[in-house]
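Everything below concerns the one structure shown next.
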Amino acid sequence: MTQTEDKITLSTEDTPLVPMEKIVSLSKRRGFVYPNSEIYGGVSGIYDFGPLGVELRNTIRRYWWWSMVQTNDNVVGIEGNIITHPRVWEASGHVENFVDRLVECKNCKRRFRIDQLPKENVEQNKCPVCGGELGEPRVFNLMMETYIGVVEGERTKTYLRGEACQNIYLDYDNVLKSSRLQIPFGICQIGKAFRNEVTPGNFLFRQREFEQWDLQFFVHPSEMQKWFDYWRERRFAWYKGIINHKDRLRLRPHGPDELAHYAKQAFDIEYRTVLGWQEWEGIHWRQDWDLSRHSQFSGQDLSYTDPETKERYIPWIVETSGGVDRTFLNLLLDAYEEEPPSGKDKEGRTVLRLHPWFAPVKVAVLPLQKNKEELVTTARDIHKRLQRLMVSQYDDVANIGRRYRRQDEIGTPFCVTVDFQTLEDQTVTVRERDGMTQVRLHINELPAYLLERVMWNYS
Ligand code: GAP
């Protein structure tokens, strides 16, 4: 990946892991994330995104799309639908295999996924919370059902997609025929997936409706290892490039008992939070499982003919599959800091040290005083000019120190202050979030100065 240098000094010093409640509270208070249907009591494992949340998600999605699709000549994107033909999920193995094994405590009635229980609790059949006896294991399919058609009795049962990548296999042949791509090549997609998770929880970490990003990279079987290694390393470097706490990222190979039904080999890219080391993205060796199964179930030949050698074969697939929501959550957990009072700052502050690329608001424009018309007019003019280039916020409520705090808390990397000197010489103060340093620039210098620091593809 061509990744430009960081334009801002990010904190490298290790800080304690951030409690999840801090992020839940900030998210609600400042409009990142709300519980879905809250006025009805909410639905477990389903969330909505507020004004800042949607900006953050959009920047995350756009950066992934740019670095995976727009800067790779042999990768293209599609957008498939959530609902597909029901046979897709038989072919994919989800109807049969996409299950969680669950036990319920006979005493406290809590439910646990067997694969997440400590080994000694499984061996002793003992509840990890109250020590009560665990009941018989039961199996739950995670697919969410829905129905197509209007006449009762004639409706067809199908599923909300359990993994977004299936559309890529369904459209693989159309992409091949409508483009000039040849193997090796990749198809990307970002889209919602739905799972009736038995134990949703930990805020955005395990939801029932969430968003995935996938690359499916189609290769000749003899080149599988090479491309598997290539994408594993590239995706690991990608994640490393977007976080402050590099030591909280690792690659972990799956043990044989962890592999999904389609995977012959897999690695997880994991990030360490208060939840421990947890999967952020999976790198899967899917081999010919998907195209072979869809060929078999649909009756359509999905093999590929090499234009030069005329060799005919089912391409093998390297998958890199991550979560937009886990990226959103991990970036907040990675960026959140509470700074104690210091020389520069007498009150202390909460600061989101998000990479400026991802900050939901890139710049805030602040008149020093809101009762001085000339200051307000100039600040509004600057805000309007900057709005054409990036997300800018105009703010004139409360004293300047408070306004800086408000912007620090949502991760705004730059604040532009219009003061009395501005009216004389057209210069403004630009205050940077992390070091709280200030520079004085001419208004005309602002666009280039800010763009260079907040856009990944500017310089
Ligand atoms: N197509 C392969 C696949 O779906 P997965 O490991 O089940 O693999 C890929 O999911 C990614 O989707 C995970 O690494 C995670 O980031 C995200 N993900 C999976 N289940 C999720 C859930 N219930 N809530 C939020 N994100 C989830």
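Picking from residues in segment 215-260 that are touching a Gly at 6+ places or on another chain (Cβ under 8 Å) and in a strand (DSSP E or B), the one that is farthest from GLN278 (Cα to Cα) is PHE218. A count restricted to segment 55-79 and to residues that are touching a residue at least 60 places away in the same chain (Cβ under 8 Å) and either among the acidic types (Asp, Glu) or assigned to a helix (DSSP H, G or I) (or both) stands at 14.
Answer with yes or no whether GLN300 is touching a helix residue (DSSP H, G or I) at 6+ places or on another chain (Cβ under 9 Å), in a loop (DSSP other than H, G, I, E, B), over 30 Å from MET436 (Cβ atoms) and away from the ligand (no atom under 16 Å from the Cβ). So GLN300 passes the test.
Note on segment 77-109: residues that are among the β-branched types (Val, Ile, Thr) and over 15 Å from GLY191 (Cβ atoms) amount to 3.
Filtering segment 356-385 to residues that are polar (S, T, N, Q) and part of a loop (DSSP other than H, G, I, E, B) leaves GLN369, ASN371. Take the conditions touching a residue at least 40 places away in the same chain (Cβ under 8 Å) and within 16 Å of the ligand (Cβ to nearest atom) and apply them to ASP334. Does it pass? Taking the combined requirement at face value, the residue satisfies it. Report yes if GLU104 is among the acidic types (Asp, Glu) and closer than 30 Å to SER292 by Cα, otherwise no. For GLU104, the condition - among the acidic types (Asp, Glu) and closer than 30 Å to SER292 by Cα - is not met.
Here is the figure for segment 54-102: residues that are over 23 Å from LEU215 (Cβ atoms), modelled with pLDDT of 95 or more and in contact with a helix residue (DSSP H, G or I) (Cβ under 7 Å, 6 or more places away or on another chain) total 2.
Let's see how each residue does on (1) away from the ligand (no atom under 16 Å from the Cβ); (2) of a type in the set (Gly, Ala, Ser); (3) not in a loop (DSSP other than H, G, I, E, B):
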residue	(1), (2), (3)
LYS310	yes, no, no
SER321	no, yes, yes
SER342	yes, yes, no
GLU347	yes, no, no
VAL351	yes, no, yes
LEU354	yes, no, no
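Just to be sure I understand the filter: pairs with C-beta atoms under 6 Å, separated by 6 or more residues or on different chains, first member in segment 242-260 and more than 14 Å from LEU354 (Cα to Cα) and touching a residue at least 40 places away in the same chain (Cβ under 8 Å), second member outside any helix (DSSP H, G or I) and aromatic (Phe, Trp, Tyr). Which pairs pass? Matching pairs, first to second residue: ARG248/TYR271.
Given LYS192, LYS119, which one is of a type in the set (D, E, K, R), modelled with pLDDT of 95 or more and surrounded by fewer than 18 Cβ atoms within 10 Å (Cβ to Cβ)?
Numbers: LYS119 fails: modelled with pLDDT of 95 or more.
After ruling out the rest, the residue left standing is LYS192.
Scanning segment 301-322 for residues that are under 27 Å from ALA193 (Cα atoms) and of a type in the set (Val, Ile, Thr) gives ILE314, ILE317, VAL318, THR320.
If you go through segment 190-218 and keep only what is under 14 Å from the mean Cα position of the chain (by Cα), within 9 Å of the ligand (Cβ to nearest atom) and touching a residue at least 40 places away in the same chain (Cβ under 8 Å), you end up with LEU204, PHE205, ARG206, GLN207, GLU209, PHE210, GLU211, GLN212, TRP213, ASP214. Take the conditions (1) surrounded by fewer than 18 Cβ atoms within 10 Å (Cβ to Cβ); (2) in contact (Cβ under 8 Å) with a residue 40 or more places away in the chain; (3) more than 10 Å from the ligand (Cβ to nearest atom); LEU176 misses just one of them, which is (1).
A count restricted to segment 93-112 and to residues that are surrounded by 13 or more Cβ atoms within 10 Å (Cβ to Cβ) and under 30 Å from TYR169 (Cα atoms) stands at 7.
Regarding GLY401, is this residue at positive phi and under 33 Å from the mean Cα position of the chain (by Cα)? I'd like the intermediate steps shown before the answer.
Details: at positive phi: no; under 33 Å from the mean Cα position of the chain (by Cα): yes.
So GLY401 fails the test.
Has segment 30-37 got any residue that is over 25 Å from ASN167 (Cα atoms), outside any helix (DSSP H, G or I) and touching a residue at least 24 places away in the same chain (Cβ under 8 Å)? So far as segment 30-37 goes, yes, one or more of its residues are over 25 Å from ASN167 (Cα atoms), outside any helix (DSSP H, G or I) and touching a residue at least 24 places away in the same chain (Cβ under 8 Å). Within segment 288-306, residues that are over 16 Å from TRP316 (Cβ atoms) reach partners that are surrounded by 19 or more Cβ atoms within 10 Å (Cβ to Cβ) and of a type in the set (A, V, I, L, M) with beta carbons closer than 6 Å, at six or more positions or on different chains, in the pairs PHE297/ALA91.
With a cut-off of at least 3 residues that are more than 14 Å from LYS362 (Cα to Cα) and in contact with a helix residue (DSSP H, G or I) (Cβ under 9 Å, 6 or more places away or on another chain), name the helices (runs of 4 or more DSSP H) lying wholly within segment 386-459. Before you say what the answer is, go through the steps one by one.
Values: elements: 400-409, 420-425, 446-454.
Result: 420-425.
The values are calculated or read from the model by the stated rules, or taken from the named source; none is laboratory data. Note that this is a predicted model, so its numbers are computed, not measured. Glycine gets a Cβ as well: all are built from the backbone with ideal geometry, and neighbour counts include every protein chain shown.
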